[in-house]
1. Probe radius 1.4 Å, ligands and nucleic acids ignored: give me the carbon and sulfur share of the accessible area of the chain as a rounded percent.
2. Could you give each residue of the stretch 121-130 its phi-based ³J(HN,Hα) in whole Hz, using Karplus coefficients 6.51, -1.76, 1.60 with θ = phi - 60°, and x for Gly or Pro?
3. Taking N as the number of residues in the chain, what is its Cα Rg relative to 2.2 N^0.38 Å?
4. Express in nm, to one decimal, how much length is gained between A301 and L326 on full extension, taking 0.36 nm for each residue of separation and deducting their alpha carbon distance.
5. Provide E33, E243 ordered by accessible surface of protein heavy atoms (probe 1.4 Å), highest first.
6. Using all alpha carbons of the stretch 122-235, what is the percent of pairwise distances in each 10 Å bin, ordered from the shortest bin to the longest?
7. Excluding ligands, DNA and RNA, what is the solvent-accessible area per residue of the chain at a probe of 1.4 Å, expressed in Å²?
8. Roughly how far apart, in whole Å, are the Cα centres of the stretch 234-294 and the stretch 197-228?
Amino acid sequence: MSAPDVTDRERELVARALTGTSLSGGPLLRQFETQAAQIAGARHGIAVSSGTAGLHLAVRALEIGPGARVLTSAFSFVASVNCFLYEGAEPVFADIDPVTYGLDPASVEDALRHRRPISALLPVHVFGQPCDMTGLGALAAADDIPIIEDACEAIGAAHAGRPAGSFGALAVFAFYPNKQVTTGEGGVVVTNDEALAGVCRSLRNQGRGDGDDWFDHVRLGYNYRLGELSAALGVAQLERFDELLERRDRVAAEYSRRLARITGISLPAVDPGTTRMSWFVYVIALDRGIDRDAVVRDLAASDVPTRAYFRPIHLQPYFRERFGDLRGSLPVTEDVGSRTLALPFHSRLSSESIEYVANALERALERAP
Ligand SMILES: *Cc1c(COP(=O)(O)O)cnc(C)c1O
């Protein structure tokens, strides 16, 4: 489905980190934080052990706790909801826009009017395309609600000329191996707010205080640190950031060119408000009525792996057990979630592979019930 893009430069920097004396909290960590913050045009970057850890810190930094209600999307990876379920807060789901697959401002406005109180807005930029942050930002500002941006899938993307990660009080990028940029495991919280940055730094490091006393703990914290070897990998990846995104642009464009003549599917659409895509995955939508499971099985038989995602969070078994049967509550989310299919996608996917996938997909669609 995916493959990391690692060159000799990454190997060189990781090897250099290994020859140093600080395998955690060394100079490459700080360099990586600076590079990541720059991508969002943010003043502070706090590197953490995963994107999930970063989202959890953002929630803790804003003191979102028991009883709080967070307005967010169910068309996402579970981490964007788990991060506040950990703290006893509850989700209020709004529906998504059928083009960006991100929160639809009209649905968010409706929730803000009729489902109060709301403590925070947590938009998720899925598949590398930002939400309509112009609309969402105006709504949150009008109600004085802080935004946490889940930009884990959208590093480098831009909405209306502004980078993903620059709209929220805090935003999070993630670096799992299938992401555009990887540190193996890792994430970065970015923010312009010095106080929030300080709290995130403390929380990631066992709640330590600002002073030199290593055994001074001023709050309940975690070990969410990112090691120096991972940071070294991240520094090399971000040195190559433009190249990494451009390679993915090339693969996405080639897919779109090749798949344009296939009937029964729609290709990923780019909203006019999206001034930069940061292709994370290449996700098509099957026409209504086509049996997706049959297409998946047929492609698997041709050795083409695919993923039918997202399966919306409100329909997940663990979620349903706790909050009950919410089927039918989010029509666009559920419709999109039932038809989307991610194709194999990474920066070095060859033209031959794209052609192979396209042919297999064409055949699978012809045969699908
Ligand atoms: C990848 C991702 C995360 C973070 O995942 P980790 O595996 O914890 O790094 C969070 N939200 C979304 C939408 C993601 O795709």
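The values are calculated or read from the model by the stated rules, or taken from the named source; none is laboratory data. Keep in mind that this is a model prediction, so the values were computed, not measured. Cβ placement follows ideal geometry from the backbone for every residue including glycine, while neighbour counts extend to all protein chains displayed. Only protein heavy atoms, including side chains, enter the accessible area calculation; ligands, DNA and RNA are left aside. Shrake-Rupley method; radii C 1.70, N 1.55, O 1.52, S 1.80 Å.
1. Working: 7770 of 15440 Å².
Using a 1.4 Å probe with all protein chains present, the chain comes out at 50 percent carbon and sulfur.
2. 10, 10, x, 10, 8, 8, 6, x, 10, x
3. Working: Rg = 20.7 Å, N = 369, 2.2 N^0.38 = 20.8 Å.
For the chain, the normalised Cα radius of gyration is 0.99.
4. On the way: separation 25, 0.36 × 25 = 9.00 nm, distance 3.40 nm.
Result for the pair: 5.6 nm of gain on full extension.
5. Values: E33 15, E243 70 Å².
Accessible-area ranking of E33, E243, largest first: E243, E33.
6. P(r) for the stretch 122-235, in whole percents per bin: 14, 37, 33, 15, 2.
7. Working: 15440 Å² over 369 residues.
Spelled out: the 1.4 Å probe surface of the chain, per residue, equals 42 Å².
8. Centre-to-centre (Cα) distance: 39 Å.
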